[in-house]
Structures are given as structure tokens and as C-alpha cells.
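What follows is a set of notes on a single structure, which appears directly below.
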Amino acid sequence: MKDNKRLTIGFIIHRLDNDYAKLLLKGALYAAEELNANLAVFPGRSLDSQLDNIKYTAYEYQNNVIYSYASKDSLDALVISAGTVGSFVSDGTMKEFIDSFDGLPVVTTENKIGEYPCVRMSGSGIKDIINHLIKHHGKRNIAFVSGPKSNADAEERLNYYKEALEENCIAFDPSLVAYGKFSEYCSDLVGELLDENKGRIDALCFANDMMCKGGYKAIEERGLVIGKDIAVTGYDDSEVASGLKPMLTTVRADASLVGYNAVYEAVKLVTDGVCSDLNLNSYPIYRQSCGCEILPESSHDISSAEIKVGIIASKIIDEYIYNSTLGQKMSSIVKNIRQYITTLLNYAVSKEETYEAEDECKRIIEELTDIQTFDYVHADTLVSILNAAKDYAVSLSGGNKDKIIKIQEIINYALSETADRVLNKHYAKVDDLTFTHFLINNITKDMTIHGSNEEKCYFSIVNNLYRIHMASSYIYTYANPIVHTAAMKWTLPENIYLKSYHNGDKLAAITGEAQIMPCSQYFYNFFTPDRRRTAVISPLFLNEEQYGIIVSELEFDYFPYIYSIIPQICAAIKLTKLVGQLERSLDAEQYRNSLLNRISMSDELTGIYNRRGFYEFANNLLKAPENEGKRAALIFGDLDNLKKINDTFGHDEGDYAIKTAASFMKSCFRQTDVVARIGGDEFAAFAVCEDRNIIASIPRRIKNMAALNNIRSTKPYNVTISVGLFELICSSDKDVQSYMDKADTALYADKKNKNQSIMKA
């Protein structure tokens, strides 16, 4: 039961991995952060999804189980994306769904349902786009690719298309209309429309940007040049629009504004008891796909230099940046970009040669590249903005060669700084993504190693998750798997069981009675932190079996990772249960002997392998037939200054340092790798890995873990570890012992220049 003062707003939406959902949720996240409210995201599916391929989507209905967790017991208000969740159902069916959340204040987005307050984007920009095609480009045979016939947004946009034709005395022709599914997989549909009207269609208007991806493909396959032979327009102004070539003329209907205002209205509904419907304006953005130039009209028509600079700066920003009104961070970025443009343009029109623009532009660009700009504005977008500003500055310079040279120098510096930061960010992200996928792909493997030991199995899940952009994760299961078929109505059980969780670097497996709690306490219980959270709540299921839910608190850009993680977890749960059944059939004495053998190979202090265990299991990996010829890493680690720690602080602290160093080593390897303490302060690890980049990154990762621990630790001393790496090829005629000297040599090279001081500064 929710009992804290911070409000929690639920958000029901169809999926997380499409551009519209990303924008909608980004706006919601901005609002939640500004309001200091929790945001609980429930990504399900459409209530009655019309699926193209039942083979791959037979169990999609299982995702909608998660909607039952949105209740007044855990939430203060609920936002429902009616336009996505209800794409294929009637308003009546959608109202029944919303009514089921009895007692919970509800705000809808996209579609007005009954008396529920709604935040939506007006589709009137479609009309402006059609008028532009007719009046500016002389188009008369304009086809329209709509969304599903049952979708209210699609119907509204189609009606605006019809109105625009009527107002321009063009008869509506049903043969020029096709009905898609707001999906990029519409190239065949668009191809049929073009072929049936061969040589007739001079413009294609799409009801959203995503369908334009398929439209571009169909058009290009027929040898037509977009923007010349045929005009193309979209709707949304999503990231798709600026990514298409040529850039897409579209209607800016900023979904992030919808999500942003919906959360604000939901909070108002809780605090004031009432809120209003909001109809947000959409408007056209003209780019190359309709035949327009990317830059606005020539600046020589503007009289005042001051007015000229302001208008040009606004137009450049408007052309390239969406979401510019949301969030303090985005507002700061846009402010800096505007200042950069105006500084450059003012220099171009200035009559004074002493105007100091270069230093100011350098200062601004350095600030821009230091405040996570590229998390909000794509690098390609910033480059386009810089080049557009340069072109305008040159045109305003009056042909002054000195000014033109200086303008180019200023822009070149900005482009160079942008490139450097982007490359650094790119390499870091590649490294990070490689390791992340590596961990995700090993969730099942790591979990099943522990057989039927649930505590270790579920702990291994969160042990991987806390390292892949999750601030926290909570794994809940039902008492037993629940069989749920498509024909069955889902009934939420009374209780769930918290198996394991992590909150920051705190990881724990829960045992006994502490696991059991009402289903309403998935967001608030003894184990959840008292701080603002944005969490994604997802069902855990495999085919017809529902296992429970996972509550994940992760970075916004990594929301879609859920779809890679969940199948891994569910497969692991299923396999673990099967393994458990097999293990219970084993002879008790055989099991005891196996357990004793395992203990004899483990280090008592750290719980990792001892010397005996290391050589046995590392050699097993080295000599395994399936590993023949594969690349492997041998790591030799040495805890720095253990004697000094023992002498200065006592042997208990020395033991703490040893266990801490063991954790550094273990955290950087998979459960299938071999990590051991082979001496008092000596550690070793062996891992088969084909990716040389991952192998090369291991020493750095171990040292980074140590550095992070020392920052967080309250101990007066540092715990550091020297690391030697030797790369080898697996072979059945070799043994690990023969390579240890080479790893030791690498260790010595790392250790010899180490600072001998153990005390923190």
C-alpha cells in the first residue's frame, strides 16, 4: 500500500521500442522529474492487436497482464495512451478498459474516451501540409496513406486531408487512399498504391513518419526521385523525419509535449480534483522531401539586421530541433545553440572589425559539448545547425573575405570539437554496449549453473542487471507458474514473492517469509528506496506460463533493453525448474559427494575458487574439445600493500581488503569463467572469450571497480589491485600452469610503478 507523500503516476503504453513511444515517455519523464513524482511505466500491447504473423506473435497477449498492476493501491493517478493501446478496438471497448481502473484518476492521450480528460495533438497540420503541396508546389494528385480505419487519430488526419482537397476544389478519390498500420512495414502497401495509379500520383501524404520509411523504399524501388518526381510528407516530426534522405517535410506534432502535459494534468487531477482536455497545436515543417530547400527564404528580404539575425536563428532551430520546450536541460541546450548562432550572425553583419565573436563562440561550443548535449540533440543535427549558421553568416557578410575566412575558422573549430566528443562518446558506447550484450546473453547460462538453488539463481540475475544501466531491479514471482491462455481472463493472484533485487550496488537474494507480500506492494515495500524513481514494470512469461514481474529502474535510452532481458530471465526460470526436478531425482549420497568436492575447491574467506579449484576448472576450460582453437584470457592479480593494511589496521581489515579485491575480480567475469584466490594476496582468473576487445578491457574494468569502491568506501585506506593479462589459444595439449609465468611478468610490469601509500588523501 502506497503511504508516502511523493505522488506516483502510472503510464500505460503500447511497447517501448518505437519512436512515438520514446517521445511520449520522454515528455512524461521530464514532467515527473520537474514535479518530483514517481513514474511507473506499464508497456503492454494493443488490446486487440491485428497481427501479421501469428507464428512469431502468438503469445503477445501475455504482455497485457501487466495492466492489472496499475491500481489505486499502488498509484495516485494513471495516464493511458489510448491511441496506441486502443488502436484496433472501438471507443466503447476502450472505455470498458479504462473503467476497469475504478477509483483511480485517469487521463488519456491521443483519443478522447467518454468523460475522461484527454491530452492530444491536433491533426490540423495535415491540412496546412496539403495546402502547401497544392499552392506552393502545384500538386493535384495527392495520395494519402492513412492508419488503421478503427483508429481515431488516423480518421482525423484523413478528414483534414479531405477538407484541404475540398477547399482547393479537388475531388476526393478513394483510389488514392491506402490504410496502413502506422508501421514502417508498409512498402508493399505503398508499392501497390503507386502501381495502381502509375504515373498519376505527384505527392504522397503519410499519416505518420514511421510509415514514410516503408514509403521511401517503395518509391526508390520504382526509380522515382523524392522531392523531384514525387513529393512526400509525414506526421509527427520524430527522429525518423531528420534521419530520412532527403529530410522529410512533416507535421510537427511533438509527442513529448503530449506525455509532458498528460503527467501534469494527472497530478492536477489528484491535487485539485479536476483537469481539462488539452488540444495541442501541430504545424508543418518544410524540408526537402516536398521539393523545398532546407534553408528558409533568402535573408535579403529582411530589412533590419537585428530582426534578420533573430529570425534566422529561430528558423534554424525550428528546422532541426524538436522537443525544444521540454525540460530544463533541453532548454539550456537550445539557449546555448541560439546564442551561438546569433553571436556568429551578429559578427557577420557587424560593421566593427573589433567584434569579438571567436572567443564567445568557442566558449559556447565547449559548454555545449560538456553538458550531455548529445543525449538530447543528435550529433548530425548539431552539425547541420552549424553548417546552416555558416551559410547564413557568409550570405550576411557582404562578401567581406576576411569575415568569411574567420566565419569558416569559427565553424571549423566547432565541428572539430563536436567530432572529438562524438568519437569519444561513440567509442565509450561501443565498449559499453559490447559488454552489456555480453552480460545479457549470459543471464540464462549464469542462472542455470546454480541448478535448483533459487537464492543463487535469482541473485545471479540482479548481479548482471546492476551492471547494465539499471539503478535498481526487483524480481517478483508467483508461488507457482500460472497457466494463462488467450481465451482466459487474467486474475491477479493475492501475493507475489520478491526473490532478489538490487538497489545501486546493494544486491540481495530474499529468503523465507520476507519474500511474501501483496501484489500491490511491488513498487513500495521494505526493500524499495525512498527516492524519486522512474521504473518499467514488465511481465515475466514463457509461452502460456506467467512467472511474475520485473520492476526495472534504468536509463531512458535503455528502456528497450527490457525486451532482450526478459526472454533470458524467463528461459532461465523455466530451465532452473527443470534442473531442480532432475536434481531431486539424484541419489542423496552422490549429491553430498559433489557438494563436498565443491567445498574442497573453494576459498573459505572469499567464497571463490581456491588454488586447487582454479587449476582444475581452468584446465577443464583450456582443454575442452569445444574450446579448441578459441581465444582465452589468463589474469593474474595481486592485492597491493596487504601487509601494510594488516600492520596498520589489523588482520580483520586485511581480510576485508582480500574479500573486497575478490569482489573486484568476480564482478568482471561471467559465472562460467573461473575466478580464484590462489594465495594470501594473489588472485587468478581464466575466461574463454573470442572478442579481443572484451579481453583487453578486463584489467581496466577491474581497476575501475576498485577506484569506484574507494570513492564510496568509508575506510581510511585504499584497496587497489595490480593486474597482469596474458592472451592465449585453447589447446588440449597445454595446461594453465605453463602460462602463469607470463601472466606474472605482465603483473610485475603493472605493479613496479605503483604508489606504495595505502592512505586516502
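Just the ratio, please: alpha-carbon radius of gyration of segment 441-585 over 2.2 N^0.38 Å, N its number of residues.
Values: Rg = 14.6 Å, N = 145, 2.2 N^0.38 = 14.6 Å.
In units of the globular-protein estimate, segment 441-585 measures up at 1.00.
Could you please report the charge total around Phe636, scoring K, R as +1 and D, E as -1 over all other residues with beta-carbon less than 11 angstrom from its beta-carbon? List each step's numbers first, then the result.
Working: positive: Lys742, Lys751; negative: Asp638, Glu682, Asp741, Asp744, Asp750.
Net of charged neighbours comes to -3.
Could you give each residue of segment 382-392 its phi-based ³J(HN,Hα) in whole Hz, using Karplus coefficients 6.51, -1.76, 1.60 with θ = phi - 60°, and x for Gly or Pro?
5, 4, 4, 4, 4, 5, 5, 4, 4, 4, 5
Can you compute the FRET efficiency between Phe556 and Ser395 using 1/(1 + (r/R0)^6), with r the Cβ-Cβ distance and R0 = 41 Å? Round to the nearest 0.05. Walk me through the numbers before you get to the answer.
On the way: r = 39 Å, r/R0 = 0.95.
So the FRET efficiency works out to roughly 0.60.
Using a Cα-Cα cut-off of under 24 Å, which lysines could be cross-linked to Lys623, ignoring same-chain neighbours fewer than 8 residues away?
Reachable lysines: Lys445, Lys666, Lys734, Lys742.
Where Lys and Arg each count +1 and Asp and Glu each count -1, what net charge lies around Lys135 among other residues with Cβ under 13 Å from its Cβ? Before the final figure, lay out each step's value.
Numbers: positive: Lys127, Lys139, Arg140; negative: Asp128, Glu167.
Cβ neighbours under 13 Å give a net charge of +1.
Express in whole angstrom the spacing between the alpha-carbon centres of segment 679-710 and segment 102-126.
Centre-to-centre distance over Cα atoms comes out at 52 Å.
Using Cα pairs closer than 8 Å and at least 6 residues apart in sequence, work out the relative contact order for segment 619-761, in percent. Can you show the working numbers first?
Details: 223 pairs, mean separation 55.9, N = 143.
Relative contact order, segment 619-761: 39 percent.
For Lys643 and Asn693, calculate 0.36 nm times their separation in residues minus their Cα-Cα distance, and state this gained length in nm to one decimal.
Details: separation 50, 0.36 × 50 = 18.00 nm, distance 3.44 nm.
So the extension gain works out to 14.6 nm.
Which aspartates and glutamates, on any chain, are close to Lys574 with Cα under 19 Å apart, when same-chain ones fewer than 8 places away are left out?
By straight Cα distance, Lys574 reaches Glu60, Asp446, Glu454, Glu455, Glu544, Glu545, Glu583.
How much length, in nm to one decimal, is gained on full extension between Ile711 and Lys112, taken as 0.36 nm per residue of separation minus their Cα-Cα distance? Kindly include the intermediate steps, with their values, before the conclusion.
Numbers: separation 599, 0.36 × 599 = 215.64 nm, distance 5.17 nm.
Length gained, Ile711 through Lys112: 210.5 nm.
What is the sum of charges around Ala479, taking Lys and Arg as +1, Asp and Glu as -1, for the other residues whose C-beta is under 14 Å from the C-beta of Ala479? Can you show the working numbers first?
Details: positive: Lys499, Lys577; negative: Glu454, Glu494, Glu513, Glu545.
Result for the neighbourhood of Ala479: -2.
Can you give the extra length, in nm with one decimal, that the chain gains between Leu224 and Ser600 once fully stretched, where that is 0.36 nm per residue apart less the Cα-Cα distance? Before the final figure, lay out each step's value.
Details: separation 376, 0.36 × 376 = 135.36 nm, distance 7.27 nm.
Working it through step by step, the gained length comes to 128.1 nm.
Cross-link list Lys127/Lys162; Lys506/Lys659; Lys5/Lys268; Lys26/Lys506; Lys643/Lys715; Lys643/Lys754: which exceed 18 angstrom alpha carbon to alpha carbon?
Lys26/Lys506
Under a crude label model (7 Å from the Cα following the beta-carbon direction), how far is Asn141 from Arg612 in nanometres?
Here the modelled spin labels are 8.6 nm apart.
Cross-link candidates for Lys217: which lysines have Cα within less than 18 Å, leaving aside residues fewer than 8 places away along the same chain?
Filter leaves Lys181, Lys198, Lys228, Lys245.
What are the ³J(HN,Hα) values, in whole Hz, obtained from phi via the Karplus relation 6.51 cos²θ - 1.76 cosθ + 1.60 with θ = phi - 60°, for each residue of segment 472-478 in sequence order, with x given for Gly and Pro?
Each residue's phi maps through the Karplus curve to give 7, 8, 10, 9, 10, 10, 8 Hz.
Just how large is the dipole of segment 125-252 about the Cα centre, in debye to the nearest 20, putting +1 at every Lys and Arg Cβ and -1 at every Asp and Glu Cβ? Mind dumping the intermediate values first?
Details: 16 positive and 21 negative charges, 62 e Å.
Roughly 300 debye for segment 125-252.
Here, each number is a calculation from the coordinates, and none is a lab measurement. Because the structure is predicted, anything quoted here is derived from the model rather than measured. For neighbour counting, all protein chains shown are included, and Cβ atoms are generated from backbone atoms with ideal geometry for every residue, glycine included.
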